[in-house]
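Structure first, commentary second.
The values are calculated or read from the model by the stated rules, or taken from the named source; none is laboratory data. Fair warning: this is a prediction, and the values are worked out from it, not measured in the lab. For neighbour counting, all protein chains shown are included, and Cβ atoms are generated from backbone atoms with ideal geometry for every residue, glycine included. Please note that ligands, DNA and RNA were not included when accessible areas were found on the heavy atoms of the full protein model with its side chains. Shrake-Rupley method; radii C 1.70, N 1.55, O 1.52, S 1.80 Å.
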Amino acid sequence: MGRIAEAMARAESEDRAALIIYLCGGDPSLAATPALIQAAAEGGADIVELGVPFSDPTADGPAIQKASERALAGGATMAGLLAVVEQVRAAGCEVPILLFGYYNPILAMGEAALCERAAKAGVDGLLVVDLPLEEAPPLREQSAHAGLDWVPLVAPTTGLDRAEAIGATATGFVYSVSMTGVTGSAATNLASAADRAAELAKATGQRIAVGFGIREAADAAVVAAQAAGVVVGSAVVRTIEREGEDAAPAVRDQVAALAAGCRR
Amino acid sequence: MRETLSLPPGFDPVTGRFGRFGGRFVAETLVPALDELTQAFFQAWSDPKFHAELDLRLRDYVGRETPLYHAERLSEAVGAQVWLKREDLAHTGAHKVNNTVGQVLLAKRMGKTRVIAETGAGQHGVATATACALFGLPCEVFMGAEDVRRQAPNVKRMELLGAKVHAVQSGSRTLKDAMNEALRDWVTNVETTYYCVGSAAGPHPYPLIVRELQAVVGREAREQCLAQHGKLPDAVLACVGGGSNAIGIFAGFLLDEVDLVGVEAAGEGLEGKHAAPLNAGKAGVLHGALSYLLQTPDGQIGEAHSISAGLDYPGVGPEHSYLLEKKRARYVAATDAEALAAFQQLTRLEGIIPALESAHAVAACGPVAESLRARGVTDPTLLVCLSGRGDKDLDTALELIGAQDGGAH
Ligand SMILES: Cc1ncc(COP(=O)(O)O)c(C=O)c1O
């Protein structure tokens, strides 16, 4: 079992949902990123999604768009982010790290090279937003070959048959998008997203984490009642936007509050 | 026969790829919507009633067929017989309307209640707003803030037609950012909304749908060449932004022994800022498809530059990448300055003010004629897709021409 599955199992055994925190790598700077990963871990994140900034993030709302622009303007690259992961591991931080992003930067490095280098740096798994079931096999093979976990996405528009096929490719958990929309939108109905997680868990036999539209501990609690994991992204990204280079303490506190919401 | 779709060479309907290019690199939320669209398109395309309605609209509303015109004074100037396929005479002034009338008809058939589109030059936005007015559907258009400035008359036209125009402030504030924003809207409102993509680009099935709707240009042109000129042309030229007018006219000649020449925007030159991914890009994934792209070594999308908003796009439709790698078509490029010169040349010699996009194709006539003569073709015949008229570009063009003249004094 990889570190990602272990973290999900540990949360379950402690009767809580796993808390998964998204950070945009390189925002506000590559230098600040290791401390932010550690702050999330100290606050109680079970898994960190390290976003690889992309110039054209079509699945993201304004908060993560702006974070990506800041990161790219600050010189963030795939290689730079892998070095950040190495640094975090060297400092003894063991929080599972899921590399999260769009396909083109991965293609540009080369799928095999990326997987190998990511695994070596201490990355635990991959989640690629614009790589649906049909397009995923080449990267998924390389990812498995390098010993990385694979986390696919399921959307509200995904039928249960298709969700089952998607679930069969997951090795860490399945990420269920709570609504049709981009990241950072206000959730319309988290209770029904939680119901959907239960339904997906049954259909896929996998642990389901729910993301999009979860901002506060109370939101997390609604989802945690039925989902194995809770993902928070834009809310943390906004904290970093506000606090800048010294965001680590604020991130730690925010994550701790969210973690409290994840207890059942 | 059009009722049964004969698939383009190299196209696999299961993967949605032309050779290795194309596919469907989108968020999972959109996959079921693209499946629904694919199914609706194939059903419509095998329904004679759909074709009857489309053909009637194309004839009586769009004004098809558009003329094929022998440009004699231009012919003399470039040393070849130049025939212009007059898409500038289609309703709304560009080929874009062939696509939007078909897609909005499809949207209605699918029961969608809202249409969105991205636009660069504003021609596709105007054409979509027009089709939505015609069929009674609400329309919202995403347009880069930079293009809103460059193409102000088209913004006014869209608004007059009842469309809502969103000025997009992110990224380079041009066509690619407008498409990003349209995709974000679609992912949010996917249940009710039809996304009317403006070029032969984007995820499967858009490149197929748009090429089939634009293929009418090539079908007509081929028949007209035979009827008016007695033979096929030696070369077919078209400008390439996303690639819809080019693939539309190429589609009529893919199986003939005819040179197919796409003309990309070389902007300030291929060593500087340009919009020529087929000439100077690398394969990658943008807006749902694998195709040639302007990008950095790190896989970030490069910023395109062209004098012409409709060509100012870092990607290109996947079928063109396929035709390039198969060597079935070749792709050259014309600079801003060359396009501006051709814009004036066609205006003065023929009394036709072309769109700056189309002026790129006109600019390539001389060099293509020369290459044909070098291969031993005496008095070559060139068929040029005059994709649109230039009214929308007058401000931009006059400003640049004024600056040139001022500099010369
Ligand atoms: C007149 C005209 N020609 C050409 C283009 C480029 O698009 P495409 O390459 O899809 O034909 C545009 C785009 O706006 C246009 O308005």
Sorted by number, the cysteines in chain B with no other cysteine beta-carbon under 4.7 Å are B:C196, B:C225, B:C239, B:C365, B:C385
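Buried accessible area for the A:B pair, summed, 1.4 Å probe, in Å² rounded to 100? Walk me through the numbers on the way to the answer.
On the way: alone 10480 and 15530 Å², together 23490 Å².
Roughly 2500 Å².
Report, in deg cm²/dmol and to the nearest 500, the calculated mean residue ellipticity at 222 nm for chain B, where each DSSP H run with n ≥ 4 adds -39500 (n - 2.57) and the sum is divided by the residue count.
It comes out at -13000 deg cm²/dmol, rounded to the nearest 500.
So what's the net charge close to B:D256: Lys and Arg +1, Asp and Glu -1, counting the other residues with Cβ under 12 Å from its Cβ? Intermediate values should be presented prior to the final figure.
Values: positive: B:R222, B:K231, B:R328; negative: B:D234, B:E257, B:D259.
Local net charge: 0.
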How much of the DSSP beta bridge set in chain A is antiparallel, as a percent to the nearest 5? 5
Note down the nm distance, to one decimal, between modelled labels 7 Å out along Cα→Cβ at B:M110 and at A:A250. 4.2
Quick one: which residues, 5+ away or cross-chain, put their amide H under 5 Å from the amide H of B:I353? H built at 1.01 Å from N. B:G390
Local electrostatic count at B:G241 - Lys and Arg +1, Asp and Glu -1, tallied over other residues with Cβ under 13 Å: -3
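Taking the Cα centre of segment A:114-264 as origin, work out the dipole magnitude from +1 charges on Lys and Arg Cβ and -1 charges on Asp and Glu Cβ, in debye rounded to 20.
Details: 13 positive and 18 negative charges, 76 e Å.
For segment A:114-264, the charge dipole is close to 360 debye.
Give me the percent of DSSP beta bridges within the protein assembly as shown that run antiparallel, rounded to the nearest 5. Numbers along the way, then the final one.
Numbers: 20 of 81 bridges.
DSSP beta bridges in the protein assembly as shown are roughly 25 percent antiparallel.
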Accessible area per residue for chain B in Å², computed with a 1.4 Å probe and the full protein assembly in place, what is it? 35
Cα centroid separation - segment B:98-162 against segment B:236-266, whole Å: 24
Could you tell me which of B:I249, B:V155, B:A178 has its Cα farthest along the dipole of segment B:153-252 towards the positive end, charges placed at Cβ (Lys, Arg +1; Asp, Glu -1), taken about the Cα centre? B:V155
Give me a comma-separated list of calculated 3J(HN,Hα) values for segment B:147-154, in order, Karplus coefficients 6.51, -1.76, 1.60 applied at θ = phi - 60°, integers in Hz, x for any Gly or Pro. 6, 4, 6, 5, 10, 3, x, 5
Find which of B:P354, B:S308, B:A369 sits farthest along the positive direction of the dipole of segment B:290-405, computed with +1 on the beta-carbon of Lys and Arg, -1 on that of Asp and Glu, about the Cα centre. B:A369
Provide the percentage of antiparallel DSSP beta bridges, counting only those with both residues in chain B; round to the nearest 5. 35
So what are segment B:134-281's ellipsoid semi-axes, whole angstrom, largest first, if each one is the square root of 5 times an eigenvalue of the alpha-carbon gyration tensor? 31, 21, 15
Among B:A276, B:A167, B:A221, whose mean-square fluctuation peaks in a Gaussian network model of chain B (Cα, cutoff 10 Å)? B:A167
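About its Cα centre, how strong a charge dipole does the protein assembly as shown have in debye, to the nearest 20, once Lys and Arg get +1 and Asp and Glu get -1 at the Cβ? Don't jump to the answer; show the numbers that get you there.
Numbers: 58 positive and 81 negative charges, 176 e Å.
That gives a dipole near 840 debye.
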Protein accessible area in the protein assembly as shown, 1.4 Å probe - carbon and sulfur %: 52
Candidates A:G233, A:G75, A:G122; GNM for chain A (alpha-carbon contacts under 10 Å) flags as most fluctuating A:G75
Using a 10 Å cut-off around each Cβ of peptide B:178-187, what is the average number of partner chain Cβ atoms that fall inside? 4
Please report the relative contact order for segment A:16-173, taking Cα pairs under 8 Å with a sequence separation of at least 6, and give it as a percent rounded to a whole number. 20
Please check segment B:8-29 for residues whose accessible area, probe 1.4 Å, is lower by 20 Å² or more when all protein chains are in place than in their chain alone. B:R24, B:F25, B:V26, B:A27, B:E28, B:T29
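Which whole-number percent of Cα pairs in the protein assembly as shown have a distance greater than 45 Å? It would help to have the intermediate numbers written out before the result.
Numbers: 51986 of 226128 pairs.
It works out to 23 percent of all Cα pairs.
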What size of dipole, in debye to the nearest 20, comes out for segment B:320-402 about its Cα centre when the only charges are +1 on Lys and Arg C-beta atoms and -1 on Asp and Glu C-beta atoms? 560
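Given the convex hull over the Cα atoms of segment B:318-371, what projected area results after averaging over all orientations, in nm²? Intermediate results must be reported in sequence, preceding the final value.
Values: hull surface 17.7 nm².
Reported value for the Cα convex hull: 4.4 nm².
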Where only alpha carbons of chain B are counted, the Rg and the Dmax (Å): 19.5, 62
With the full set of protein chains present, the residues of segment A:116-139 whose 1.4 Å probe accessible area falls by 40 Å² or more relative to the chain alone are A:D130, A:P132, A:E135
Of the candidates B:V78, B:V155, B:V168, which one comes out as most mobile in a Gaussian network treatment of chain B with C-alpha springs shorter than 10 Å? B:V78
Spelling out what I want: for every residue of segment B:36-41, take phi, set θ = phi - 60°, compute 6.51 cos²θ - 1.76 cosθ + 1.60 (Karplus), and round to whole Hz; glycine and proline get x. 4, 5, 4, 5, 4, 5
Starting from a Cα-only point model with no solvent, please compute log10 I(q)/I(0) by Debye for segment A:189-230 at q = 0.15, 0.33 1/Å. -0.28, -1.17
Could you tell me the center-to-center distance, by alpha carbons, between segment A:72-114 and segment A:38-56 in angstrom? 11
Per q in 0.10, 0.15 1/Å, what log10 I(q)/I(0) does a Debye calculation on the alpha-carbon atoms of segment A:155-264 return? -0.30, -0.63
Give me the lysines in straight-line cross-link reach of B:K327: C-alpha distance below 22 Å, same-chain residues under 8 apart excluded. B:K282
Please give the residues from segment A:73-111 for which the solvent-accessible area of heavy atoms, probe 1.4 Å, is smaller by at least 50 Å² with all protein chains in place than with the chain isolated. A:N104, A:A108
Of B:G262, B:F50, B:V190, which is farthest along the charge dipole of chain B in the positive direction, counting Lys and Arg as +1 and Asp and Glu as -1 at C-beta? B:F50
Quick one: how many Å² of B:R184 are accessible to a 1.4 Å probe, rounded to 10? 10
Residue by residue through segment A:250-264, what is 3J(HN,Hα) from phi via Karplus (6.51 cos²θ - 1.76 cosθ + 1.60, θ = phi - 60°)? Round to whole Hz and write x for glycine and proline. 5, 5, 4, 5, 4, 5, 4, 5, 5, 4, 4, x, 7, 6, 8
